[in-house]
1. Near A:Met256, within a Cβ-to-Cβ distance under 11 Å, what is the net charge of the other residues, with Lys and Arg +1 and Asp and Glu -1?
2. Using just the C-alpha positions of the range A:447-568 as equal point scatterers, what log10 of I(q)/I(0) does the Debye formula give at each q in 0.13, 0.16, 0.22 1/Å?
3. When A:Ser220, A:Ser277 are ordered from fewest to most other Cβ atoms inside 10 Å of their Cβ, what list results?
4. Angle between the Cα long axis of helix A:407-423 and the longest principal axis of chain A, 0 to 90 degrees, nearest 10?
5. Quote the relative contact order of chain A in percent (integer), defining contacts as alpha-carbon pairs under 8 Å separated by 6+ residues.
6. Using just the helices of chain A, give the 222 nm mean residue ellipticity in deg cm²/dmol: DSSP H runs with n ≥ 4 each add -39,500 (n - 2.57), and the total is spread over all residues, rounded to 500.
7. Using the Cβ atoms and a cut-off under 13 Å, what net charge is assigned to the surroundings of A:Asp112, where Lys and Arg are +1 and Asp and Glu are -1?
8. Rounded to the nearest angstrom and ordered from largest down, what semi-axes does the equivalent ellipsoid of the range A:174-241 get from its C-alpha gyration tensor (root of 5λ)?
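Every read-out reported here was derived from the displayed coordinates using simple, explicitly stated rules and does not represent laboratory data. Here the structure is a predicted model, which is why all the values come from computation and not from measurement. When we count neighbours, we look across all protein chains shown, and the Cβ atoms used for this are built from the backbone with ideal geometry, even at glycine.
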Amino acid sequence: MNLFAEIKSVVIEKLEALTAAGTLPAGLSFANVTVEPPRDALHGDLATNAAMVLAKPAKMKPRDIAEALAALLTDDARVTSADVAGPGFLNLRIDPAVFQDMLADILAKGNDFGRSDMGAGRKVNVEYVSANPTGPLHVGHTRGAVFGDALSSLLDFAGYNVTREYYINDGGAQVDVLARSAYERYREACGHAPEIKEGLYPGDYLKPVGEALKAKYGDSLIDRPESDWLADIRLFATEAMMDIVRSDLASLGVKMDVFFSEKALYGTGKIEAAIASLDAKGLIYSGTLAPPKGKLPEDWEAREQTLFRSTEHGDDVDRPVQKSDGSWTYFAPDIAYHYDKIERGFDELIDVFGADHGGYVKRMKAAVSALSDGKVPLDIKLCQLVRLFKDGEPFKMSKRANNFILLSDVVEQVGPDVTRFVMLTRKNDAPLDFDFKKALEQSKDNPVFYVQYAHARVCSVLKKAGNPTDATLQQADFSLLTTPAEMALLKKLAEWSRLVELAAKHHEPHRVAFYLFDLASEFHALQHLGKVDPGLRFNLDGNPALSAARQGMIRAVAVVISAGLGILGVTPANEMR
RNA sequence: GGCCCCGUAGCUCAGCUGGAUAGAGCAGCUGACUUCUAAUCAGCAGGCCACAGGUUCGAAUCCUGUCGGGGUCACCA
């Protein structure tokens, strides 16, 4: 049930009636009409801006429209009053029974309460992490992994058909570097001194790979030219790295549906087909790019390259797809990859990148726009950097010092639940401070524990009440719930469905985290009232009817918290310790 | 220099794609526990929404410019 959507359709219906009656002129667009919770609860339960939005196109006074609309809206049984306020807002009060009846609905549907059919089964591909297969994932990847995973779950909850996908960059020069690095570790395993030259990957994580190579090849590859072993070791090492990546992702609870190999695009005609598709639209040409504006690289020289006319689709400059020697640039397989996604029939694409890839947004969007003739939208979400703090001090990472904090380090120290929640309590495009000490703190300062504590408290109260089943609680007489604090909680629960749709529409899972914090806050306040006035407790001696209603209410809170945490990939706690 | 993101309470951040008197948490002060786990709650105080214009019934939100912070910038991925 999405009360806001339901009442909005009532508003639209009444507006159409006013149009039919001649009160409103024909041909008005109701697209900008909204039904929202008012900022101030004193204004009522719902507010619509219909009168103000329509006043100008209808050439009428807002109040006249509002009053005509108000008269019709109260015909609906759920609307108990409709008052014109301020510049032309229409404040609606809703029959408490609507909110009370919702509780039985929540208890019946369980974690599925709030699921939406907004997505209508549209196929969405969410690509995230996509880290180079050259080593373990580090903290920088963690945020994108959590964000992409939660966004995918959110879209699924909102009725989309979601595919979670990881693009393995195993076709470029960096996997050659990986192979050479692994070869040195192989030599080391065979008793030779490794030469980890500048530019190779120095990490210890390649030592086991060297050992494994020794086990497989003995010393047969020692002192052989690179051409003899590069391809084999590249494959071997890449697979070993992907095993680490999969394990890292699993420790965070991140699951992928598809691992898509870049290498599989080469030699199969896929890149050629994608470029040919662009060529057929007249978007491929041979030319020379102008030097970048502003600062000129010292070694700049004009070069004739095969270019994609991305400026036709909103990019700033055209982009090379072929190097001057005729080989593909990194951009070419990226185009082919997205072409493949389009051909697989996705209705929408989402890419989750790190902020350092911000420069590729326009060209990628241009490519998808061109390849799909503008029919498949691509949204690119950039995750800003994570700043690590230890004991309040910023912790600097450097590649040279090899002191990169790994995803596995974070998960081992604070656990997947806290890691995920903290990463999601910030908008994706805002930088995030991650403090190890604070993440482990069990206080209100730490929203994870605040939300989990609310869930645990519900479990505790219900345990004292003998753990009534949801089926039993559904039978309670919820019309007994009438105090202002109880009604406030019910109204917060009623926002859940709407929040899911808004968060999904905007691709912003952090909204779920903030909602859960608000819901937990309403619950904590209500529970505290029972300490001041025993008559406001959930479990009451000698009043089984009211007790059952209140137990059903708080169970509904636990259900929604559980569902929300489920979207975020965080396990609800039944008790705190 | 071009492009992208950000600028909201002392600090960390929300603000529902333009709505009513801009909200939380932390820090500060004042109160509430022989508890349905106080790991909590209530209250007070705290604001030129970076700045200047513009768009309109109405702007923290949209457009332009300026300042400040971060990212990125021709065959690397």
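1. -1
2. -0.50, -0.75, -1.31
3. In increasing order of surrounding Cβ atoms, one gets A:Ser220, A:Ser277.
4. 30
5. Answer for chain A is 16 percent.
6. Taking each H run of at least 4 residues, the total per residue is -15500 deg cm²/dmol.
7. Values: positive: A:Lys109, A:Arg115; negative: A:Asp105, A:Asp117, A:Asp156, A:Asp470.
Charge balance in the 13 Å sphere: -2.
8. Values: eigenvalues 43, 34, 29 Å².
Whole-Å semi-axes of the equivalent ellipsoid: 15, 13, 12.
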